[in-house]
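The values are calculated or read from the model by the stated rules, or taken from the named source; none is laboratory data. Every value quoted in this text rests on a predicted model; they were computed, and no experiment measured them. Cβ placement follows ideal geometry from the backbone for every residue including glycine, while neighbour counts extend to all protein chains displayed. Quick note on the areas: whole protein, heavy atoms, side chains included, nothing else; ligands and nucleic acids left out. Shrake-Rupley method; radii C 1.70, N 1.55, O 1.52, S 1.80 Å.
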Amino acid sequence: MKPVLLALMFLSEEHRAQMAQSFELVYAPDAAQAAAAIAEHGARITVVLTIGATGLSAAQIDALPALTLICALGAGYENIAVAHAKARGVVVATGAGTNDDCVADHTWGLLIAAQRRILPLDKATRAGIWRTALPLPPNVSHKRLGIVGLGTIGKKIAQRALGFEIEVGYHNRSARTDVPYRYFGDVKALAEWSDFLVVATPGGAGTKHLVNADVLNALGARGVVVNIARGSVIDTAALAAALREGRIAAAGLDVYESEPAPPAELLDLDNVVLTPHVAGWSPEAVQASVDRFLEHARRHLAGEAPVSPL
């Protein structure tokens, strides 16, 4: 008998087939299907695969008496009841490190597009408008980049900044001893110093609206903010007001508070670049995440520790 796996996020047919080689797969990629799956199969489910945004609540964990392993497909785990799971003796692991390069690449795509006004320039070009009738977009190189959250993804973003001869600063709960970048004890001070502010910190209650009106005002009228972390970290209403009033120059967002619905307050602005939470999604990154999950499960079911446990 194969162990029973409950998967709570979208998976391609290929990845479902890959998982079905090792598991009896119960596929429930939305809330209604998840509730139905738990009601029908809860007593038999031993492994749950989810993502940080979807998570797994304490009540759901309690409805799965045979559960022994919870895995997040990506690095985020903000909506998984980790403490409750551990109190139940359930192992929790993540896909940390499987999509870092993809997220860092996408970050720079958003930043360059926002700073160089790529989307408005594309629109103008299609309308037959030549450069002499347009304001010139500023440089990316030789600026200051502030990173909110210098974890593994933040470090990849910083590494790429060096190619643009950009000075890097960062804010964490505490200073790191393994990097040469300038440390700032609070986000507002980092924003005052920065030309570009990139949000790469975990989501959750502890970072909700960490980037607020005060921080955006500190970033200033030439500043660009990019968020590839969680939508909750930036106050959307404050961001919309700052962009409309010219208190910051531009924004690049892969995540937003309203997702999966687009951020209505920002849709009519040409100084915002939006993507649908795909920074960590590429064929290579998703396959690496699936492979990491399967290795977690293989090790766990063999009585070994997973690759990247919490």
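Miscellaneous remarks
- Taking (1) within 17 Å of the chain's Cα centre (by Cα); (2) open to solvent by 30 Å² or more (accessible area, probe 1.4 Å) in turn, Asp122 satisfies each apart from (1).
- Positions within segment 1-29 being open to solvent by less than 70 Å² (accessible area, probe 1.4 Å), part of a loop (DSSP other than H, G, I, E, B) and not polar (S, T, N, Q), in sequence order: Pro3, Leu8, Met9, Leu11, Phe23, Ala28, Pro29
- Residue within segment 78-91 that is assigned to a helix (DSSP H, G or I), touching a residue at least 12 places away in the same chain (Cβ under 8 Å), open to solvent by less than 50 Å² (accessible area, probe 1.4 Å) and within 19 Å of Ser308 (Cα to Cα) present: yes
- Residue in segment 152-171 that is loosely packed, with under 14 Cβ neighbours inside 10 Å, modelled with pLDDT of 95 or more, outside any loop (DSSP other than H, G, I, E, B) and of a type in the set (A, V, I, L, M) present: yes
- Index of the failed condition, His106 passing every other in (1) touching a residue at least 40 places away in the same chain (Cβ under 8 Å); (2) out of contact with any Leu (no Cβ under 6 Å at 6 or more places or on another chain); (3) buried (at least 21 other Cβ atoms within 10 Å of the Cβ); (4) not in a helix (DSSP H, G or I): (4)
- Within segment 41-77, the residues that satisfy the criterion of being among the aliphatic types (A, V, I, L, M), in a loop (DSSP other than H, G, I, E, B) and within 26 Å of the chain's Cα centre (by Cα) are Ile51, Ala53, Leu73, Ala75.
- Of all residue pairs spaced 6 or more apart or on separate chains, those with beta-carbon atoms under 8 Å, a first member in segment 149-171 that is within 17 Å of Val103 (Cα to Cα) and a second member that is outside any helix (DSSP H, G or I) and open to solvent by 60 Å² or more (accessible area, probe 1.4 Å) are Gly149/Pro202; Leu150/Arg176; Gly151/Pro202.
- Selected residue (criterion: farthest from Asn212 (Cα to Cα)) from residues of segment 227-260 that are basic (Lys, Arg) and without any contact (Cβ under 8 Å) to a residue 60 or more places away in the chain: Arg244
- Evaluating Pro260 against the criteria (1) open to solvent by less than 10 Å² (accessible area, probe 1.4 Å); (2) of a type outside the set (Lys, Arg); (3) modelled with pLDDT under 95 leaves one unmet condition, (1).
- Within the set Leu266, Leu274, Leu197, the sole residue that is open to solvent by less than 10 Å² (accessible area, probe 1.4 Å), aliphatic (A, V, I, L, M), within 28 Å of Lys123 (Cβ to Cβ) and free of Cβ contacts under 8 Å to residues at least 40 places away in the same chain turns out to be Leu266.
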